[in-house]
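The block underneath contains the structure these notes are about, expressed in structure tokens.
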Amino acid sequence: MDTPLNIEGAVCPVPLTHNEQIVMGHGSGGKMSHDLIRKTFLAAFDNSILRTGDDAAPIAVNGTRLAISTDSHVVTPLFFPGGDIGKLAVCGTVNDVAMLGARPLYLTAGFILEEGLPIETLQRVVESMSAAAKEAGIQIVAGDTKVVEKGKVDGLYINTTGIGEILPNVNIGGAQAKPGDVVILSGSIGDHGIAVLGARGELGFTSAIQSDVAPLNHLIEAMLEADKNIHVLRDPTRGGLATTINEIAAQSKVAIHLNEQSIPVKPAVNAACEMLGFDPLYVANEGKLIAIVPPESADKILTAMRSTKYGEDAVVIGEVKEDVRGRVLMKTAIGTTRVVDMLAGEMLPRIC
Ligand code: MG
């Protein structure tokens, strides 16, 4: 008798339509997440602020312009080279608030804890959050704790919400990119995703790659101090650089042309991606930003970035055009041009 083909655990890399239930791809930050947001959340909550579609919402209270953002963190494992779920939960929200040109001020933190979680583990995570908050110069001013039965969550999940004040004379958003603008990247891509995979033991070899998780608000303040004329800021987290650049091209209705050779990727990240069949353009970052600025401001902003800890490897990686609006094109290392699309399915679940 023939042995039946064992397909248990087989994964379809690009899922077909999943309209009946949630699948992992809905959490990817790519196309499926965008579809879910549009069809389910935006349809129900629709308002002009939500429709701006940036990582933080611009709101005004008595004439003061504020940015508010929320983010949940479910990364596995809880600790990885260069960071942990606590540092990620603080930096992720600080960065999303800062990407509107805001100075992050206050955070709230909600914890969902699994019965049986060692208090010592929670203590380590909380101390890491405290250190990250100190570095960012923000305060965690409110919180919530819930406990669920063993097996109902995986250790602990953290939600953070952040609020900050948008700096004067600053007008930054994903829809502000203009033809002629220059695209700047603050450093190498893919470090976070590969570091977390390494910590899961999924690389099949040991790697020295550390997550880049970091608060970027001081970098952004240095950039704005040099020149307030910044059109777009965004951190290429889930879905990687490719997905984030596609979001901006769609929001601004412009074409974005990238130059593959100018995009920095560490050799160890490149090697890991080659072995696993990943494209570093789609691997998550947690301490990098993309800035889209007018050409006359680019040099000043680059110089300011390179004088800071988290921007010292900043480079120009492309330009904004108007030839194929809503599209991202990349000149490859061998001189051809290819379309770079948004992440389609789910590549690295629970990366943040
Ligand atoms: Mg973001």
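The values are calculated or read from the model by the stated rules, or taken from the named source; none is laboratory data. Quick caveat: nothing in here was measured; it's all calculated off a predicted structure. Here the Cβ is made from the backbone with ideal geometry for all residues, glycine too, and neighbour counts use every protein chain on show.
List, please: which pairs have Cβ atoms under 6 Å, are six or more places apart or on different chains, and start with a residue in segment 87-105 that is in the same structural domain as Ile68 (by TED's automatic domain parsing) and over 26 Å from Gln123 (Cα atoms) and end with one that is within 13 Å of the ligand (Cβ to nearest atom) and part of a helix (DSSP H, G or I)?
Matching pairs, first to second residue: Ala98/Asn217; Ala98/Ile220.
Here's the yes/no breakdown for (1) in the same structural domain as Ser297 (by TED's automatic domain parsing); (2) within 16 Å of the ligand (Cβ to nearest atom); (3) touching a Phe, Trp or Tyr at 6+ places or on another chain (Cβ under 8 Å); (4) aliphatic (A, V, I, L, M):
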position: Ile189; (1), (2), (3), (4): yes, yes, no, yes
position: Ala195; (1), (2), (3), (4): yes, no, yes, yes
position: Gly204; (1), (2), (3), (4): yes, no, no, no
position: Gln210; (1), (2), (3), (4): yes, no, no, no
position: Asn217; (1), (2), (3), (4): yes, yes, no, no
position: Ile230; (1), (2), (3), (4): yes, yes, no, yes
position: Ile245; (1), (2), (3), (4): yes, yes, no, yes
position: Val265; (1), (2), (3), (4): yes, no, no, yes
position: Ala268; (1), (2), (3), (4): yes, no, no, yes
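Which of the residues spanning segment 99-130 are at positive phi and away from the ligand (no atom under 16 Å from the Cβ)?
Gly116
Quick test of your reading of the structure: Thr237 fulfils all but one of (1) more than 16 Å from the ligand (Cβ to nearest atom); (2) more than 21 Å from Val339 (Cβ to Cβ). Name the failing condition by number.
Looking at each condition in turn, Thr237 falls short on (1).
Would you call Ile85 within 18 Å of Asp235 (Cα to Cα), away from the ligand (no atom under 16 Å from the Cβ) and surrounded by 13 or more Cβ atoms within 10 Å (Cβ to Cβ)? Give the steps one after another, and end with the answer.
Values: within 18 Å of Asp235 (Cα to Cα): yes; away from the ligand (no atom under 16 Å from the Cβ): yes; surrounded by 13 or more Cβ atoms within 10 Å (Cβ to Cβ): yes.
So Ile85 passes the test.
Scanning segment 35-73 for residues that are touching a residue at least 24 places away in the same chain (Cβ under 8 Å) and away from the ligand (no atom under 16 Å from the Cβ), which turns out farthest from the chain's Cα centre (by Cα)?
Thr64
Identify, from the list Gln261, Gln251, the residue that is under 19 Å from the mean Cα position of the chain (by Cα), in a helix (DSSP H, G or I) and more than 12 Å from the ligand (Cβ to nearest atom).
Gln251
More than 25 Å from Ser28 (Cα to Cα) and either surrounded by 22 or more Cβ atoms within 10 Å (Cβ to Cβ) or touching a Pro at 6+ places or on another chain (Cβ under 9 Å) (or both): is that true of Ile166 in this structure?
Yes: the conditions hold for Ile166.
Residues checked against (1) of a type in the set (Phe, Trp, Tyr); (2) in contact with a Lys or Arg (Cβ under 8 Å, 6 or more places away or on another chain); (3) more than 30 Å from Ser262 (Cβ to Cβ):
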| position | (1), (2), (3) |
| --- | --- |
| Ser128 | no, yes, yes |
| Lys150 | no, no, yes |
| Thr161 | no, no, yes |
| Val170 | no, yes, no |
| Asp181 | no, no, no |
| Ser188 | no, yes, no |
| Ile194 | no, no, no |
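So, Ile334, is that one aliphatic (A, V, I, L, M), within 22 Å of Asp227 (Cβ to Cβ) and either touching a residue at least 40 places away in the same chain (Cβ under 8 Å) or assigned to a loop (DSSP other than H, G, I, E, B) (or both) or not?
Considered against the rule, which asks whether it is aliphatic (A, V, I, L, M), within 22 Å of Asp227 (Cβ to Cβ) and either touching a residue at least 40 places away in the same chain (Cβ under 8 Å) or assigned to a loop (DSSP other than H, G, I, E, B) (or both), Ile334 comes out as no.
Name the single residue, out of those in segment 322-348 being acidic (Asp, Glu) and either touching a helix residue (DSSP H, G or I) at 6+ places or on another chain (Cβ under 7 Å) or outside the structural domain of Thr243 (by TED's automatic domain parsing) (or both), that is surrounded by the most Cβ atoms within 10 Å (Cβ to Cβ).
Within segment 322-348, the match that is surrounded by the most Cβ atoms within 10 Å (Cβ to Cβ) is Glu346.
Working only within segment 154-163, note down all residues that are in contact with a helix residue (DSSP H, G or I) (Cβ under 9 Å, 6 or more places away or on another chain) and either loosely packed, with under 10 Cβ neighbours inside 10 Å or not in a strand (DSSP E or B) (or both). Show your work before the answer.
Applying the first criterion (in contact with a helix residue (DSSP H, G or I) (Cβ under 9 Å, 6 or more places away or on another chain)) to segment 154-163 yields 155-163.
Passing the criteria: only Gly155.
Within segment 132-153, can you find the residues that are surrounded by fewer than 13 Cβ atoms within 10 Å (Cβ to Cβ) and at negative phi?
Lys134, Gln139, Val141, Ala142, Asp144, Thr145, Lys146, Val148, Glu149, Lys150, Lys152
Among (1) more than 21 Å from Gly53 (Cα to Cα); (2) among the small types (Gly, Ala, Ser); (3) surrounded by fewer than 19 Cβ atoms within 10 Å (Cβ to Cβ), there is one condition Ala199 misses while meeting the rest; what is its number?
Failing condition for Ala199: (3).
Name the one entry in Ala109, Ala67, Ala89, Ala44 that is in contact with a strand residue (DSSP E or B) (Cβ under 7 Å, 6 or more places away or on another chain) and in a helix (DSSP H, G or I).
Ala89 is the lone residue from the list that is in contact with a strand residue (DSSP E or B) (Cβ under 7 Å, 6 or more places away or on another chain) and in a helix (DSSP H, G or I).
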